[in-house]
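Heads up: the structure comes next, in structure tokens.
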Amino acid sequence: MGKGLKLSGDYLRVAQTIHVEEAADRFKGPVLILHGDQDDTVPLAYSKRFSPRYTCSDLIVLEGENHHFDQNPERMENLIREWIRHTIASAPKRM
């Protein structure tokens, strides 16, 4: 289980009112979805289902990682940095 903070009842009540599908459909910016193939908290199928809902998304499945991405955090950090660099480099230039 996670270390440190606990979720309050308020967080859980608010989270239940969020319409995740509608929010995903409305969001037009780039999205990076990282998912560990050993995640036993959130099924990988959820990420696979949501990735196409975004107009510009990348789904990276990390082999051997769980929900907390604690098996190889450096690999995850490098993937995020590279994705950000690529996303910024390919973004339309603003005047």
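Can you find a residue that is surrounded by 12 or more Cβ atoms within 10 Å (Cβ to Cβ), of a type outside the set (A, V, I, L, M, F, W, C) and either in contact with a Ser or Thr (Cβ under 6 Å, 6 or more places away or on another chain) or modelled with pLDDT of 95 or more (or both) anywhere in the stretch 37-44?
yes
Residue check: is Asn78 surrounded by 14 or more Cβ atoms within 10 Å (Cβ to Cβ), over 12 Å from the mean Cα position of the chain (by Cα), at negative phi and not hydrophobic (A, V, I, L, M, F, W, C)?
Judged against the criteria, Asn78 is not a match.
Any residue in the stretch 4-20 that is surrounded by 13 or more Cβ atoms within 10 Å (Cβ to Cβ) and of a type in the set (Gly, Ala, Ser)?
no
Cβ-Cβ under 7 Å, sequence separation 6+ or interchain: first residue in the stretch 71-93 and under 16 Å from Val31 (Cα atoms), partner of a type in the set (Lys, Arg) and in a helix (DSSP H, G or I). Which pairs?
none
The values are calculated or read from the model by the stated rules, or taken from the named source; none is laboratory data. Bear in mind that the values here come from a model prediction, so they are computed numbers and not experimental data. Neighbour counts are summed over all protein chains in view; Cβ atoms, including those assigned to glycine, are modelled from backbone coordinates with ideal geometry.
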